[in-house]
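What follows is one structure encoded as structure tokens, with my remarks underneath.
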Amino acid sequence: IGNIERDCNSAKKYWHFIKVMGRSASHVALECALECQPNICLISEEVAAKKMSLSQIADYIADSVAKRAAKGMNFGVAIIPEGVVEFVPEFKALIAEINELLAGNKTEEFNALGSWEEKYAFIEKGLTAESMAVFAILPQTIQQQLFLERDPHGNVQVSLIETEKLLSEMVATKLAQWKEEGKYVGKFAAQHHFFGYEGRCAA
């Protein structure tokens, strides 16, 4: 992460979204932040304590991006613990509903559907309005990941969700909206990294 920060300060053109290990605890992310001083570090336990929604997390990151852009700095580093989405109450409810929706032989029925449009209609019919609202704001790649990657018990494999890409895409959407409203004047380009075992074992 320190090396990425050095590059970031040199190139001055990317926001680096760095996912680190930590599905059910954020001590790796926190230690990395204490050592490397990134611009942003999400802590899953804090997200849970504040009952933050995905939209609020994206707002929080976008706000930092916009503040740096106002100073002419269109670059930075954000550390994301891999399991942070599981600490978002609305997302946890969505995952539970998806697992319920595909229980039993429903997975075969779902997989037999042809296009993504047909599958989307099946999902829309099966989810509550609250969960569908959360599902609808996710980028399509993430929506598909939630339905394509199942564990042997038929459940969503949350650890396979590309959390860093999910958040950077949501931030990009927020910033585009703010630009239209005249609240943001910068440029936003993201790079994504996952420092898994090599991050956890670093001295």
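Every read-out reported here was derived from the displayed coordinates using simple, explicitly stated rules and does not represent laboratory data. It should be emphasised that the depicted structure is a prediction, and the values quoted were computed from it without experimental measurement. As a convention, Cβ positions derive from the backbone with ideal geometry for all residues, glycine included, and neighbour counts pool all protein chains shown.
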Please report, in cubic angstrom per residue, the volume enclosed by the convex hull of the alpha-carbon atoms of region 106-203. 167
Restricting to lysines and to Cα separations under 26 Å from residue 12, and discarding same-chain partners fewer than 8 apart, the set is 67, 71, 165, 174, 179, 183, 187
Computed [θ] at 222 nm, deg cm²/dmol, the chain (DSSP H ≥ 4; -39,500 (n - 2.57); rounded to nearest 500): -16500 deg cm²/dmol
Kirkwood Rh for the chain from C-alpha pairs, in Å, is 18.0
Cα gyration tensor, region 56-175 - rounded (a/c under 1.5), prolate or oblate: prolate
Of the beta bridges DSSP finds with both residues in the chain, what % are antiparallel, to the nearest 5? 5
Given Cα pairs under 8 Å that are at least 6 residues apart, what percent is the relative contact order of region 1-76? 41
Order 165-172, 4-11 from most to least packed using the mean count of other Cβ atoms within 10 Å. 165-172, 4-11
Over the chain, what is the mean sequence separation of C-alpha contacts under 8 Å (at least six apart), divided by residue count, expressed as relative contact order in percent? 33
Fluctuation leader among 128, 163, 173 - the chain, Gaussian network, Cα springs under 10 angstrom: 128
Apply the Karplus curve 6.51 cos²θ - 1.76 cosθ + 1.60, θ = phi - 60°, to the phi angles in region 73-80 and return the couplings in whole Hz, x for Gly and Pro. 10, 8, 7, x, 10, 10, 9, 10
How large is the charge dipole for the chain, taken about the Cα centre, if only the Cβ atoms of Lys, Arg (+1) and Asp, Glu (-1) carry charge, to the nearest 20 debye? 840
Just 58, 69, 49 to compare: in a GNM of the chain, with alpha carbon springs under 10 Å, which one fluctuates most? 49
Measuring from its Cα centre, region 1-104 shows a charge dipole (+1 at each Lys and Arg Cβ, -1 at each Asp and Glu Cβ) which, in debye to the nearest 20, is 520
